[in-house]
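The values are calculated or read from the model by the stated rules, or taken from the named source; none is laboratory data. On a predicted model such as this, the values are computed, not experimentally measured, just so you know. Positions of Cβ are backbone-derived with ideal geometry, glycine not excepted, and every protein chain shown enters the neighbour counts. When the accessible area is computed, the model is the full protein with side chains, heavy atoms only, and any ligands, DNA or RNA have been set aside. Shrake-Rupley method; radii C 1.70, N 1.55, O 1.52, S 1.80 Å.
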Amino acid sequence: MKLMRVGSLGQEKPALLDAAGQMRDLSAHVDDIAGAALSPEGLARLAALDPDSLPLIEGKPRIGACVGAVSKFLCIGLNYADHARETGKEPPEEPVVFAKATSAICGPDDDVEIPRGSEKTDWEVELGVVIGSRAKYVSEAEAMDHVAGYCLINDLSERAFQSERGGQWTKGKSHDTFGPIGPWLVTRDEIADVQSLSMWLDVDGVRRQTGTTATMIFGVAHLVSYLSQFMTLLPGDVISTGTPPGVGLGMKPPVYLRAGQVVTLGIEGLGTQRQRMIPA
């Protein structure tokens, strides 16, 4: 299934994308694409519905983040060896973990704000993993049983805030709109091999990133298991798994986003996003 949330900010309703690419209203069957709805039992109930029996959502409503009520937005840094090297760092021996504020979450095509005082706002196309059931101390062999599905994420970053202002990375990653998620949550059964998905990102139509999840240092199962050793993962938690090379920071000289520019990105099977840069 491809599950969505559509409507104005803060008033999104749950929806399903049918085989013909039409949006179907799930409001009569589930309150939100969140929490218990993402459990194996919750997803099974939605999968049993006949999409043709669901009300059609007409027009072109705003598409919101594909997951609601996210309790944790966790990110993995430097998870592609060639990206680590372009930033001047060696590939890590363990996953580099940081958090992104949940207030950064926005829809896949919402405008992205360049923070006040920013001169180094950057882009990062990433595979997102959505947790479906509580995971604590799970093994790598068990990890995928706790995954509801996958989504596309742009892990936007302000590099000066991230690396030049002391402390941890979180403040460079958490500005409002720095976490576009969606357009869909694609359930795990629809992705044959999550470790072989192509991914790309353009800025003003110029290709900046081209990669594949096959080159991740730490794969999805390892990351879910690893994180569960340090914290309990809850239904609806989102893990952003790292980016391939081609970020602005890695260019010679570095190139960063400006107001008025448009970023487009996509991952095979997970849809595309389009964001216009605006000043905060």
Fill in the blank from the handout: Within the stretch 111-152, the residues that are out of contact with any Ser or Thr (no Cβ under 6 Å at 6 or more places or on another chain) and in a helix (DSSP H, G or I) are A141, E142, M144, D145
Practice task
Please go through the stretch 189-200 and pick out each residue that is in a helix (DSSP H, G or I) and surrounded by 20 or more Cβ atoms within 10 Å (Cβ to Cβ).
Solution key: V194
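Quick grid of which residues meet (1) out of contact with any Gly (no Cβ under 6 Å at 6 or more places or on another chain); (2) in a strand (DSSP E or B); (3) modelled with pLDDT under 95; (4) open to solvent by less than 70 Å² (accessible area, probe 1.4 Å):
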{"position": "L9", "(1), (2), (3), (4)": "yes, no, yes, no"}
{"position": "L16", "(1), (2), (3), (4)": "yes, yes, no, yes"}
{"position": "R24", "(1), (2), (3), (4)": "yes, yes, no, yes"}
{"position": "V30", "(1), (2), (3), (4)": "yes, no, no, yes"}
{"position": "A37", "(1), (2), (3), (4)": "yes, no, no, yes"}
{"position": "A44", "(1), (2), (3), (4)": "yes, no, no, yes"}
{"position": "G59", "(1), (2), (3), (4)": "yes, no, yes, yes"}
{"position": "V70", "(1), (2), (3), (4)": "no, no, no, yes"}
Problem - Meets criteria (open to solvent by 60 Å² or more (accessible area, probe 1.4 Å), at pLDDT 95 or above and closer than 26 Å to T212 by Cα) for D50 - result: no
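Give the residue, chosen from T177, T210, T232, that is at pLDDT 95 or above and buried (at least 18 other Cβ atoms within 10 Å of the Cβ).
Working: T210 fails: buried (at least 18 other Cβ atoms within 10 Å of the Cβ); T232 fails: buried (at least 18 other Cβ atoms within 10 Å of the Cβ).
Criteria check complete, one pass: T177.
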Practice task
Inspect all residues belonging to the stretch 92-108 and state whether any of them is in a loop (DSSP other than H, G, I, E, B), open to solvent by 10 Å² or more (accessible area, probe 1.4 Å), in contact with a Leu (Cβ under 9 Å, 6 or more places away or on another chain) and farther than 30 Å from G42 by Cβ.
Solution key: yes
Exercise for the section: Mind listing whichever residues of the stretch 250-277 are open to solvent by 30 Å² or more (accessible area, probe 1.4 Å), in a loop (DSSP other than H, G, I, E, B) and over 17 Å from C151 (Cβ atoms)? Expected result: M251, K252, P253, P254, V255, Y256, R258, A259, G260
Completion exercise
The lone condition P244 fails out of (1) closer than 13 Å to G128 by Cα; (2) open to solvent by less than 20 Å² (accessible area, probe 1.4 Å); (3) outside any helix (DSSP H, G or I) is (1)
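Determine if the stretch 153-175 includes at least one residue that is in a helix (DSSP H, G or I) and more than 29 Å from M277 (Cβ to Cβ). Give the derivation first.
Filtering the stretch 153-175 down to residues in a helix (DSSP H, G or I) leaves 159-163, 170-173.
Now restrict to residues that are more than 29 Å from M277 (Cβ to Cβ): none.
There is no residue in the stretch 153-175 that is in a helix (DSSP H, G or I) and more than 29 Å from M277 (Cβ to Cβ).
Checking the conditions here, which among E158, E190, E142 is in contact with a Pro (Cβ under 8 Å, 6 or more places away or on another chain) and of a type in the set (D, E, K, R)? Before the answer, list the steps.
Numbers: E190 fails: in contact with a Pro (Cβ under 8 Å, 6 or more places away or on another chain); E142 fails: in contact with a Pro (Cβ under 8 Å, 6 or more places away or on another chain).
Result of the check over E158, E190, E142: E158.
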Handout entry: Tally of residues being among the hydrophobic types (A, V, I, L, M, F, W, C) and touching a Pro at 6+ places or on another chain (Cβ under 9 Å) across the stretch 217-232
Key = 4
Handout entry: Every residue from the stretch 218-236 that is out of contact with any helix residue (DSSP H, G or I) (no Cβ under 6 Å at 6 or more places or on another chain) and closer than 19 Å to I267 by Cβ
Key = F218, L223
Handout entry: Among (1) surrounded by fewer than 22 Cβ atoms within 10 Å (Cβ to Cβ); (2) charged (D, E, K, R); (3) at pLDDT 95 or above, the one test that K89 misses
Key = (3)
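Would you mind finding the one in E164, E158, E142 that is farther than 24 Å from A65 by Cα and at pLDDT 95 or above? Give the derivation first.
Details: E164 fails: at pLDDT 95 or above; E158 fails: farther than 24 Å from A65 by Cα.
Only one candidate passes the filter, namely E142.
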Problem - Residue tally, condition assigned to a loop (DSSP other than H, G, I, E, B) and over 17 Å from W123 (Cβ atoms), over the stretch 201-233 - result: 7
Problem - Selection from the stretch 72-86 of residues that are open to solvent by 30 Å² or more (accessible area, probe 1.4 Å) and closer than 20 Å to A148 by Cα - result: K72
